[in-house]
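Comments concern the structure below.
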Amino acid sequence: MTADDNTIQLVGDIPIENLAAIRDEIGKRLGAGPLSIETADLTHAPLPLVQLIYAAHRTAAAQGGRLTVACPPDTPFSDALEGFGFLNAAAGAARVEGDVWVGLETHEELAP
């Protein structure tokens, strides 16, 4: 993981043991303004990492913040979003615009 003021870059295969540090970094930066997470250089995207970023989206929404996650097609992270069902959930599905995960669908957005 590398980070600058408003971007966190996730690289390689992130061991589960490193998720607490990523969670802490995301939490610290969400309070400082808009945050972007880059995932193109991940070689593996385990379910706990996707869940962590899902929770970060919920936290950003609750705090009135903004979190975007670059998830180019045919990468481990975009494959994980689809494979773990995050794009097809009845409520709270990942909202992807272009190649960027920009938030979560709400119950109101899903109502007929």
### Message
If a residue must be farther than 14 Å from residue 66 by Cα, in contact (Cβ under 8 Å) with a residue 12 or more places away in the chain and among the charged types (D, E, K, R), how many such residues does region 6-44 contain?
### Response
5
#### Entry: Verdict on residue 39 being closer than 15 Å to residue 77 by Cα, among the polar types (S, T, N, Q) and touching a Pro at 6+ places or on another chain (Cβ under 7 Å)
no
### Task
Find the strands (runs of 3 or more DSSP E) located wholly in the chain whose residues include 2 or more that are modelled with pLDDT of 80 or more and of a type in the set (D, E, K, R), and list them.
35-44
### Query
From the list 100, 69, which one is under 12 Å from the mean Cα position of the chain (by Cα) and buried (at least 16 other Cβ atoms within 10 Å of the Cβ)?
69
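The values are calculated or read from the model by the stated rules, or taken from the named source; none is laboratory data. Predicted, not measured: the structure shown is a model, and the values here were computed from it. Methodologically, a virtual Cβ is constructed for each residue, glycine included, from the backbone with ideal geometry; neighbour enumeration extends over all protein chains shown.
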